[in-house]
Structures are given as C-alpha cells and as structure tokens.
C-alpha cells in the first residue's frame, strides 16, 4: 500500500477538516512548532 501526504500550515476549522476527510484525508497529528502556529499532517492511500 502506498500513501500520499499533506501538510497544512494554516489554522483549520471543523468545516475544513470535514472537507479534507470527505476527500479521503486522515489526520495523523498536529504539531505546534511555535506559539499559536499549528501544522496539520494528513495521509491517504495513494490514488493510481
């Protein structure tokens, strides 16, 4: 199985998270490298 990844470096609300989920993206983790900064890491099965 192969995966593709997406990193989002802007704040996401519940609507944006639902839209990404509908596209098959699974939230793996959220990292805060600086104060008030969030990076969201997503994965989904690669589409051939």
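Only the coordinates and a few stated rules stand behind these numbers; no lab work does. This structure is a prediction, so every number in the text was calculated from the model and none was measured. Don't worry about glycine lacking a Cβ; one is built from the backbone with ideal geometry, like all the others, and counts go over all protein chains shown.
Might you let me know whether the range 24-33 holds any residue that is free of Cβ contacts under 8 Å to residues at least 12 places away in the same chain, exposed (fewer than 10 other Cβ atoms within 10 Å of the Cβ) and assigned to a strand (DSSP E or B)?
Quick first cut of the range 24-33, residues free of Cβ contacts under 8 Å to residues at least 12 places away in the same chain only: 30-33.
Narrowing further to those that are exposed (fewer than 10 other Cβ atoms within 10 Å of the Cβ): 32-33.
Subsequent filtering for residues that are assigned to a strand (DSSP E or B) retains 32-33.
Yes, some residue in the range 24-33 is free of Cβ contacts under 8 Å to residues at least 12 places away in the same chain, exposed (fewer than 10 other Cβ atoms within 10 Å of the Cβ) and assigned to a strand (DSSP E or B).
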Matching residues in the range 4-23 - criterion: being surrounded by 11 or more Cβ atoms within 10 Å (Cβ to Cβ) and part of a strand (DSSP E or B): 4, 5, 6, 8
